[in-house]
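What follows is a short report on a single structure.
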Amino acid sequence: MTEQLNQFQGAATIEKVASLCRRRAFVFPSSDIYGGLGSSFDFGHYGVLMNDNVKAEWRRALIQEREDVVALDSAIILQPQVWVASGHVSGFSDPLVDCRTCKLRFRADQLEQSACGRKPSKHPGETPDCDLTEPRQFNLMFETYVGPVRDDAARAYLRPETAQGIFVNFKNVVSSMRVKPPFGIAQIGKSFRNEITPGNFLFRMREFEQMEMEFFVPPDEAAEWHRYWIDARRDWHLSLGIRESHLRVRAHGVEELSHYSSATSDIEYLYPIGWQELEGVANRGDYDLRQHADASGTKLEWVGHEERYVPHVIEPAISVVRSTLAFLCDAYDEEEVAGRPRTVLRLHPRIAPVKVAVLPLIGKDTAMVEQARGLYEELRHAMSAEYDDSAAIGKRYRRQDEIGTPWALTIDEQTLEDGTVTLRDRDTLEQERIPIAGARALLEDRLRQDWRPRE
Ligand code: GAP
């Protein structure tokens, strides 16, 4: 593993990726016509398709292809006691400082990454005018009220992690599914955090989907399973095309550990803004099950024929957006082809929002259009496909390159004569002639094959 690299290798910057995302309907600023809302984004057509692919690959690896993990979809607003017992009401906070001069608020532990309100080239506290308060804790949970009365008894929280919905369902799952430790419960769903220093496009949002899995194991196997899941999750990112030189595993120091964790390793990605957490893999020990058992009075343990214990928990946790952003940054490329610039997303075909474009060479040729429409109708039942007969063929290829479509099938004169089409490859730009009748099977086969990016 390459751990020395400190500079992102590639053409991407966060600004370029954000600009492409907006131009090509991946991501729009939220509430745009009202001036936006800090760190909230809406996903356009291609963003939705890509996020769905990321989630599908996660579900495939963590649920479908395993016998020991089951699915769950718990509520976003839970009984508020859940968050007291989990430690989030008292402990899920960031240290904040206010500047009495510029009236801005900063994370005390991230002053080095923040800009002074008066002199943005300086960090808060660096100019003589800066007047920072002592740090104080600020809870990141969004509060709301359940029911018609707005009093303390009705106060509830939007979940800041999906994990707690899993812990409070432990007993339900154990008594209704044929599971036995080691086993996992996986879920994907929205989480909400009132982040103080959002920014960097999708990297830190206030509302984001998490993909979390709690893996319950016998206590004496926890360390071994922790290593197992760090490796398994790293391999997942690599198998979907993230460059090995852009990934590293970093163990947390003791002072960095969350209140529930006995050991955590981050799988970090070298975003264009530097190494940052992509996914956390934590050993939560028996913290959560014990907290909820104590607070609820319900025993949360595994009872076997000859054994009884509170399982320990290994948790791989990632958000869809951090994963999507890493895929986009890794895939973004600019090059010159035949004297003209080309922007291309070299996404893994299974992550790419559209798998194939079907293009009649001449958009006004009725026979070509008819053949192309027929092929498109057939393909779109099997995979995400697009039909395009507008503009010159070169322009249509570039449009598909920009959204990362790995293959294009072009219907031309020869198709009408011998029933073959050209298959254009996004990365090599090679074109091969294949029988139109076998196009669907060939693409389905390629989608199943391994794919590695060009280093
Ligand atoms: N259940 C454990 C947990 O939530 P975390 O490290 O706070 O741990 C897990 O979050 C993952 O969720 C992170 O590794 C990151 O991928 C993602 N994540 C956390 N905060 C986020 C935010 N504000 N915006 C986008 N993704 C975030």
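The values are calculated or read from the model by the stated rules, or taken from the named source; none is laboratory data. Because the structure is predicted, anything quoted here is derived from the model rather than measured. Quick reminder, even Gly has a Cβ in these numbers, built from the backbone with ideal geometry, and neighbours come from all protein chains shown. Keep in mind that these areas ignore ligands, DNA and RNA; they rest on the heavy atoms of the full protein, side chains included. Shrake-Rupley method; radii C 1.70, N 1.55, O 1.52, S 1.80 Å.
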Subject >> Selection from the range 182-221 of residues that are open to solvent by 10 Å² or more (accessible area, probe 1.4 Å), more than 11 Å from the ligand (Cβ to nearest atom) and over 19 Å from the mean Cα position of the chain (by Cα) >> reply: P182, P218, P219, D220, E221
Subject >> Tally, over the range 158-177, of residues that are away from the ligand (no atom under 14 Å from the Cβ) and not in a helix (DSSP H, G or I) >> reply: 2
**OP:** Kindly provide the set of residues from the range 3-60 that are of a type in the set (D, E, K, R) and within 16 Å of the ligand (Cβ to nearest atom), ordered by number.
**Re:** D42, K55, E57
Original post:
Taking the stated definitions as given, is G87 of a type outside the set (A, V, I, L, M, F, W, C), more than 25 Å from R234 (Cβ to Cβ) and open to solvent by 30 Å² or more (accessible area, probe 1.4 Å)?
Top reply: no
Original post:
A437 is checked against (1) more than 20 Å from T366 (Cβ to Cβ); (2) of a type outside the set (D, E); (3) open to solvent by less than 20 Å² (accessible area, probe 1.4 Å) and fails just one. What number does that condition carry?
Top reply: (3)
Original post:
Restricting the range 286-310 to residues that are in a loop (DSSP other than H, G, I, E, B) and open to solvent by less than 70 Å² (accessible area, probe 1.4 Å), which is farthest from A222 (Cα to Cα)?
Top reply: G297
Subject >> Which numbered condition N172 fails, given (1) over 30 Å from D68 (Cβ atoms); (2) surrounded by fewer than 20 Cβ atoms within 10 Å (Cβ to Cβ) >> reply: (1)
**OP:** Check S245 against each of (1) in contact (Cβ under 8 Å) with a residue 24 or more places away in the chain; (2) within 13 Å of the ligand (Cβ to nearest atom) and name the one condition it does not meet.
**Re:** (2)
**OP:** Any chance you could count how many residues in the range 250-274 are open to solvent by 20 Å² or more (accessible area, probe 1.4 Å), within 13 Å of the ligand (Cβ to nearest atom) and either small (G, A, S) or within 23 Å of I351 (Cα to Cα) (or both)?
**Re:** 1
Subject >> Positions within the range 178-237 being assigned to a strand (DSSP E or B) and acidic (D, E), in sequence order >> reply: E207, E209, E212, E214
